[in-house]
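Participant: Dropping the structure in here first, questions after.
The values are calculated or read from the model by the stated rules, or taken from the named source; none is laboratory data. Since this is a predicted model, take the numbers as computed values, not measurements. As a convention, Cβ positions derive from the backbone with ideal geometry for all residues, glycine included, and neighbour counts pool all protein chains shown.
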Amino acid sequence: MDFSNFNWMLVGFPIMGVCLVAFIVAAMKRQWTLGSLLIGMVHLPLAFMHAAAPFRGSLDPNYPGYGAGLIRADPGFEVLVFSGFVLIGATVCARIGALNKSGKDVGFLVMFDSIVLLLLGVPIIGDFFAGNFANSRVEFGEYLQFGGTAAFLFEFTLIAVPYILGLFWGMTRFKTTS
C-alpha cells in the first residue's frame, strides 16, 4: 500500500487520544498536587506534536524527514526512533506528573526533560536571547505550517518554558526523595 496520499491526522488523533486517556486515568487517582498536575499537563503537547511522526516517517515514501532543534532525522528508522522516544517519553512524563511520583520515576522525567531541553530547547532559547523571533518555522505535515514570530512563540511556550519548569520540578522532587 502506498501511504504517500494518506491523511496522517487519522493516525495522529487516535494516538493523541491514547496519550490523553493515559494522563486522565493517572489524574483520576487523585495523587497529584496542583504543581505536579501542571507539570504532567505541559508534557502532553509535545506528545501530541509527535503522534503521527513515528508512523508517517516509517511508512510514507514522500516523508521529507524530521527536523526540530538540533535534530535532523532521515525518513525511516531515524524518525521512528527519535519521534517514538519523544512520543512515549512525553506521555510517561505526563503520567509521572499526574501521579505525583518520586524517586526513579522522577529521575526519568529529569532525564527526559534534560534531553528535550538540550536537543529541542537550546536553539529556541538561543533565538530568544539573540532576538531572532522572525526566523522560526513550524510544520505539522502539509496541513499546518506557519512561521515568524507566531512560530517562535509557539515553540518557546510549548517546548522551552514547560521543560525548564519540568526540569526544576523534577530536580526538587528527585532531590527530596532519593
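Yes/no per residue for (1) closer than 28 Å to PRO61 by Cβ; (2) among the polar types (S, T, N, Q):
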| position | (1), (2) |
| --- | --- |
| GLY97 | no, no |
| ASN100 | no, yes |
| MET111 | no, no |
| VAL116 | no, no |
| VAL122 | no, no |
| ALA151 | yes, no |
| PHE154 | no, no |
| THR157 | no, yes |
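Participant: Say we look at segment 39-54 and pick out the residues that are in contact (Cβ under 8 Å) with a residue 60 or more places away in the chain and assigned to a helix (DSSP H, G or I); which of these is farthest from THR172 (Cα to Cα)?
Facilitator: MET49
Participant: For the structure I just gave you, tell me whether SER114 is over 17 Å from the mean Cα position of the chain (by Cα), under 29 Å from ILE24 (Cβ atoms) and either small (Gly, Ala, Ser) or not in a loop (DSSP other than H, G, I, E, B) (or both).
Facilitator: Answer is no for this residue.
Participant: Of the residues PHE154, PHE129, only one is surrounded by fewer than 22 Cβ atoms within 10 Å (Cβ to Cβ), among the aromatic types (Phe, Trp, Tyr) and within 23 Å of LEU20 (Cβ to Cβ); which?
Facilitator: Checking each option against the conditions leaves just PHE154.
Participant: In this structure, does LEU109 turn out to be outside any loop (DSSP other than H, G, I, E, B), more than 27 Å from VAL11 (Cβ to Cβ) and out of contact with any Pro (no Cβ under 8 Å at 6 or more places or on another chain)?
Facilitator: So LEU109 fails the test.
Participant: Might you let me know whether segment 17-25 holds any residue that is more than 18 Å from the chain's Cα centre (by Cα), part of a helix (DSSP H, G or I) and within 13 Å of VAL92 (Cα to Cα)?
Facilitator: Taking every residue of segment 17-25 in turn, at least one turns out to be more than 18 Å from the chain's Cα centre (by Cα), part of a helix (DSSP H, G or I) and within 13 Å of VAL92 (Cα to Cα).
Participant: Could you say whether any residue in segment 66-75 is modelled with pLDDT under 90, closer than 21 Å to THR91 by Cα and part of a loop (DSSP other than H, G, I, E, B)?
Facilitator: yes
Participant: Quick one: in segment 92-124, which of the residues that are more than 19 Å from MET49 (Cα to Cα) and surrounded by fewer than 16 Cβ atoms within 10 Å (Cβ to Cβ) is modelled with the highest pLDDT?
Facilitator: Among those that are more than 19 Å from MET49 (Cα to Cα) and surrounded by fewer than 16 Cβ atoms within 10 Å (Cβ to Cβ), it is MET111.
Participant: Residues to consider are GLY40, GLY89, GLY12, GLY76; find the one that is surrounded by 13 or more Cβ atoms within 10 Å (Cβ to Cβ) and under 15 Å from LEU120 (Cβ atoms).
Facilitator: Within the list GLY40, GLY89, GLY12, GLY76, the selection yields GLY89.
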